[in-house]
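One structure below.
The values are calculated or read from the model by the stated rules, or taken from the named source; none is laboratory data. In this text, all values refer to a predicted model and were calculated from it rather than measured experimentally. Positions of Cβ are backbone-derived with ideal geometry, glycine not excepted, and every protein chain shown enters the neighbour counts. Keep in mind that these areas ignore ligands, DNA and RNA; they rest on the heavy atoms of the full protein, side chains included. Shrake-Rupley method; radii C 1.70, N 1.55, O 1.52, S 1.80 Å.
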Amino acid sequence: MTSTLPTTDPVPLLDLASAHAEVADEIAAGWADVLAHTAFVGGPRVASFESDYATWSGIRHCVGVGNGTDALELALRALGVRQGDECILPANTFIATAEAVVRAGATPVLVDCAKDTSLIDVDATAAAVTERTRVVLPVHLYGQTAPVEQLRAVLPDGVAILEDAAQSQGARRNGVAAGKLGDIAATSFYPGKNLGAYGDAGAVLTDRDDLAEAVHLLRDHGSPRKYEHSVLGFNSRLDALQAVVLSAKLRRLDAWNVARRAAAARYGELLADVDGVVTPVVAEGNEPVWHLYVVRVPDRARVLAELYEAKIGAGIHYPVPVHRTEAFAYLGHDLGTFPVTEQLADEIISLPMFPAITAAQQERVVSVLAAAVRR
């Protein structure tokens with residue numbers, strides 16, 4: 001394999017500058033308008049983005065909030081989760097999924113993931129259900145949707161499904177958009193997401209009017225009108241400046257996701273004959289948006305060091321499973337409790353992935369990776 005780039009050219013894990021260049025003028029004009037009208041919190045820019053994102057997702061309601069972790073917590077509270085309840089989630093996720101459960105007063109119940117897709121294990125979830133189970137939180141990991149319809153089939157009536165859709169903006173399963181598969185969904189617009197703000201931002205998505213109304217109240221001090229407070233709420237609102245950014249990027253998101261899919265296909269072709277590298281498996285019915293392109297390799301620490309030495313911006317998502325963090329040590333899960341998750345944590349590497357990545361950059365990444373694995 002011959003690279004068309006000099007061997008010293010770096011390849012970033014994520015290139016936010018190229019995306020910004022496409023939207024810079026539009027955002028500058030939008031921000032100038034917000035500043036001129038001083039409509040910083042809420043207002044028409046936020047309402048417009050919420051409406052547009054809901055329409056784009058095919059979902060009745062999008063409620064903008066301060067960040068993705070708040071979106072998860074507010075969705076849990078809207079579902080009526082309280083102290084004593086249990087919420088099932090995969091151990092292979094970012095810690096925010098579990099944090100939100102604890103912040104809502106419930107107990108996180110962790111389960112393992114499927115070895116082929118890294119998504120929540122349906123059978124393990126079914127086995128973890130108790131009379132206290134209130135919600136299951138499947139995580140649409142790396143841009144691929146979890147098997148929500150399979151989960152629904154094994155769950156008792158009354159157990160809700162909250163999709164952690166932070167990595168899946170635009171992904172579909174059996175033709176249905178991520179965020180529309182369960183009762184309610186939470187997404188993050190952290191800058192590195194497929195649809196990223198220029199700071200923290202998030203949203204709750206649902207087709208249910210009652211849940212949307214509950215989140216509307218909770219995000220704004222439990223206030224249906226100024227100085228009226230019907231429930232104890234929070235201060236977690238999407239601001240107008242971030243709404244301008246998100247609106248500009250949303251108009252380009254379909255094209256950006258197409259570019260990610262093309263890059264993922266190219267990685268698959270380049271890595272097809274590289275022994276020792278396990279490439280991602282797409283579950284039947286899934287149309288991923290490739291938030292991350294995650295491979296598995298032996299001797300990960302050495303391989304990663306060689307990538308870094310060659311100025312390849314690889315990453316690990318996630319090196320420490322939830323149950324192995326100090327914050328959740330109190331759950332009492334010993335090493336070996338979730339063997340698939342723990343094996344993944346030792347082997348996974350996220351390769352550079354962003355809409356503007358070039359074929360030459362990918363060839364360079366795979367060339368360095370293949371050489372490292374062979375050694």
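Within 15 Å, Cβ to Cβ, of Ser236, how many net charges do the neighbouring residues add up to if Lys/Arg are +1 and Asp/Glu are -1?
-3
Across the Cα atoms of the stretch 206-348, what radius of gyration and what greatest pairwise Cα-Cα distance (Dmax) are found, in Å?
21.7, 65
Nearest-5 percent of antiparallel DSSP beta bridges in the chain?
60
Counting only protein heavy atoms and using a 1.4 Å probe, what share of the accessible area of the stretch 1-119 belongs to carbon plus sulfur, as a whole percent?
Carbon-and-sulfur percentage of accessible area, whole number: 57.
Modelled label-to-label distance, Ile95 and Ser51, 7 Å Cα→beta-carbon offset: nm?
4.0
Quick one: if the Förster radius is 30 Å, what FRET efficiency do Asp123 and Gln83 give, using the C-beta to C-beta distance and rounding to 0.05?
0.55
In the chain, with Lys and Arg counted as +1 and Asp and Glu as -1 at Cβ, which of these residues, Leu76, Val135, Ala360, has the Cα nearest the positive end of the dipole, that is, farthest along it?
Checking the options against the dipole of the chain, the answer is Ala360.
If you rank Tyr318, Tyr227 by how much accessible surface each has, with a 1.4 Å probe, what is the order from largest down?
Solvent-accessible surface, decreasing: Tyr227, Tyr318.
With charges only on Cβ, +1 for K and R and -1 for D and E, what is the dipole size of the chain about its Cα centre, in debye, rounded to 20?
For this selection, approximately 420 debye.
Just going by the charge dipole of the stretch 229-338, with Lys and Arg at +1 and Asp and Glu at -1 on Cβ, which of Gly313, Leu250, Gly336 is farthest out on the positive end?
Value computed over the given set: Leu250.
Please name whichever of Ala263, Ala153, Val322 sits farthest to the positive end of the charge dipole of the chain, dipole taken about the Cα centre and charges placed at Cβ: Lys and Arg +1, Asp and Glu -1.
Towards the positive end, the residue furthest out is Ala263.
Please pull out the direction-averaged projected area of the stretch 101-190, using the convex hull of its alpha-carbon atoms, in nm² to one decimal place.
6.1
With label points built 7 Å along Cα→Cβ from the Cα atoms of Thr8 and Ala371, find their separation and express it in nm.
Here the answer is 1.5 nm between the modelled labels.
Quick check for you: with a 1.4 Å probe and neighbouring chains kept, what is the accessible area per residue of the chain, in Å²?
42
How far, in nm, would the chain grow between Arg208 and Ala32 when pulled straight, counting 0.36 nm per residue and subtracting the alpha carbon separation?
59.8 nm
Please state the charge dipole magnitude for the stretch 71-149, taken about the Cα centre, from unit charges on C-beta atoms (+1 on K and R, -1 on D and E), reported in debye and rounded to the nearest 20.
300
Among residues other than Gly276 whose Cβ falls under 15 Å from its Cβ, what is the net charge (Lys/Arg +1, Asp/Glu -1)?
Surrounding charge for Gly276 is -1.
Working out 0.36 nm times the residue gap between Glu326 and Arg132, then minus their Cα-Cα distance, what length gain in nm do you get to one decimal?
Fully extending the segment from Glu326 to Arg132 adds 67.3 nm.
Multiplying the sequence separation of Ala39 and His229 by 0.36 nm and subtracting their Cα-Cα distance, what value in nm do you get?
Residue separation times 0.36 nm, minus the Cα-Cα distance, leaves 66.1 nm.
If the only charges are +1 at each Lys and Arg Cβ and -1 at each Asp and Glu Cβ, what is the size of the charge dipole of the stretch 95-249 around the Cα centre, to the nearest 20 debye?
400
Say each of Ala259 and Val102 gets a label point 7 Å from the Cα, pointing the same way as Cα to Cβ; how far apart are those two points in nm?
Label-label distance for Ala259 and Val102, simple model: 3.8 nm.
Would you report the distance distribution of C-alpha pairs in the stretch 1-108 as whole percents per 10 angstrom bin, up to the bin with the largest distance?
11, 23, 28, 21, 14, 3
Among all the lysines, which ones have a C-alpha under 18 Å from Lys193's C-alpha, if same-chain residues fewer than 8 places away are not counted?
Answer for Lys193, where 18 Å is the Cα cut-off: Lys249, listed by chain and number.
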